[in-house]
1. List the residue pairs whose Cβ atoms are under 8 Å apart, where the first residue sits in the range 30-54 and is touching a residue at least 24 places away in the same chain (Cβ under 8 Å), the second is of a type in the set (D, E) and surrounded by fewer than 17 Cβ atoms within 10 Å (Cβ to Cβ), and the two are 6 or more positions apart or on different chains.
2. Suppose we filter the range 108-142 for residues that are over 19 Å from G163 (Cα atoms) and of a type outside the set (D, E, K, R); how many remain?
3. A245 passes all but one of (1) within 30 Å of W117 (Cβ to Cβ); (2) more than 12 Å from the chain's Cα centre (by Cα); (3) surrounded by 23 or more Cβ atoms within 10 Å (Cβ to Cβ); which number fails?
4. Can you say whether I190 is among the β-branched types (V, I, T), out of contact with any Pro (no Cβ under 8 Å at 6 or more places or on another chain) and not in a helix (DSSP H, G or I), as far as the supplied structure shows?
5. Look at the range 350-377 and say how many of its residues are within 25 Å of R244 (Cβ to Cβ) and touching a Leu at 6+ places or on another chain (Cβ under 6 Å).
6. Which of the following residues is in contact with a helix residue (DSSP H, G or I) (Cβ under 6 Å, 6 or more places away or on another chain), within 16 Å of G315 (Cβ to Cβ), assigned by TED's automatic domain parsing to the domain that holds R279 and buried (at least 24 other Cβ atoms within 10 Å of the Cβ): G183, G165, G128, G107?
7. Considering each residue of the range 360-376, count those that are among the basic types (K, R) and touching a helix residue (DSSP H, G or I) at 6+ places or on another chain (Cβ under 7 Å), and give that number.
8. Is there a residue being touching a Phe, Trp or Tyr at 6+ places or on another chain (Cβ under 6 Å), in contact (Cβ under 8 Å) with a residue 24 or more places away in the chain and in a helix (DSSP H, G or I) anywhere in the range 197-216?
Amino acid sequence: MDYYGFWQMLLEEIKAAPTNAQRRIVTFNDPRMYAGALSQWKSLKTKTPGLRQVQVSTLIRAFFVPAAGAGKLMDRYADSLCIEEDHRIQVHSVAPDKSGSAMMPWGVKSIHAPQAWSKSTGVHVKIGVIDTGVDFRHPDLKHSLASGVNLLNRGMMPLDDNGHGTHIAGTLAAAGGTRGMMGVAPRALIYPVKAFDHSGSAYVSDIVLGIDWCVQNKIDIINMSFGMKNRSKALHDVVIKAYRAGIAIIASSGNDGKRGGDYPARYPETIAVGALDRRQRVAAFSNRGPYIDVYGPGEGIPSCWLREGYKEMSGTSMATSHVTGAAALLLALRPGLSPRELKLLLRRTASPVRLRKGQRRASLGGGAADALRLLRAGARARRSSGSSSSAKAAAAAKA
């Protein structure tokens, strides 16, 4: 393959086309061809400013290119390339309900997180929050934040210009003590990954780059409170890579109030989350179905907001941050737990949800997340595993 010609063709197409924000995801069928194209791109981009618009995911061996240049690439290199649309993806929240105040949120109490803090507070667990950024000045979050990354502007901190990411971070790990708000895992460390703009919108390629960053930085859990209707091969590929790297991805199912749900929650490698109301029923807006692994509190959830404030919000986004927080409590006790084992424990320890008239339990999927039951089951599984290992070692010594 003529890698120089490949990039020159792309560059000419970009220059000739009108400027727009649309992009395409380009992957090579042969890893060696990707390596050749990557090497040529690195040598050319320093002298060719137009090629700096191209971004790269080393995890799934993909280039993200302006849509203007993708058409001719497919015509000439159809046997070598896979090109897919870089779809838009949205955060999963309803419009902000109302302003709130610092308190112990009902959702944190509902999953029995305070009772679990004598066993774990999530210390040293690294949570990647792919979202709109975070308010670094919020007093309840200042001890819970790492620097993270801004994928929209690599030279800036991942500052929140929407509010959604700050709300998620508060439920996860706020540590405001008696004067502020407490999140589910107050000693966990949040790594904000800003992939969404001020309107709560991102491209699939931004999410791919965010997961790529989390894998490279050895994050323990990724919170993904967003989704889309479209399937994406690139997104599924990077989710599988994270899963195989031992990173659990916890994803919101969406707010359409229907059976079924959005991607990436529908991928089997993620932990899919639906939302509950205060009465422990599946919230009217929440998506549901057998693929839901667990439900979390998601209606009228107070949490941190911009300008050091607080706000109530509803959505499967909010439910997901409760479940991610509970998972962080467990991973602090069981750091070697695989994503599959975490999913099984979350499902096994969930409490039954209350049914609305005409609902069948089997049609809803999992039950309500319970942090205390999760930790107890995790501790029992560790003791059982330890006893089994000791017995095997003793038998081997006798042999």
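1. Here the result reads none, with nothing in the range 30-54 linked to a residue that is of a type in the set (D, E) and surrounded by fewer than 17 Cβ atoms within 10 Å (Cβ to Cβ).
2. Counting residues in the range 108-142 that are over 19 Å from G163 (Cα atoms) and of a type outside the set (D, E, K, R) gives 16.
3. (3)
4. Criteria met by I190.
5. Here the count works out to 2.
6. Going through G183, G165, G128, G107 in turn, the sole match is G107.
7. Residues meeting the conditions: 1.
8. Checked against the condition, which is being touching a Phe, Trp or Tyr at 6+ places or on another chain (Cβ under 6 Å), in contact (Cβ under 8 Å) with a residue 24 or more places away in the chain and in a helix (DSSP H, G or I), the range 197-216 yields at least one hit.
The values are calculated or read from the model by the stated rules, or taken from the named source; none is laboratory data. Note that this is a predicted model, so its numbers are computed, not measured. All Cβ positions, even for glycine, are placed from backbone atoms using ideal geometry, and neighbour counts span all protein chains on display.
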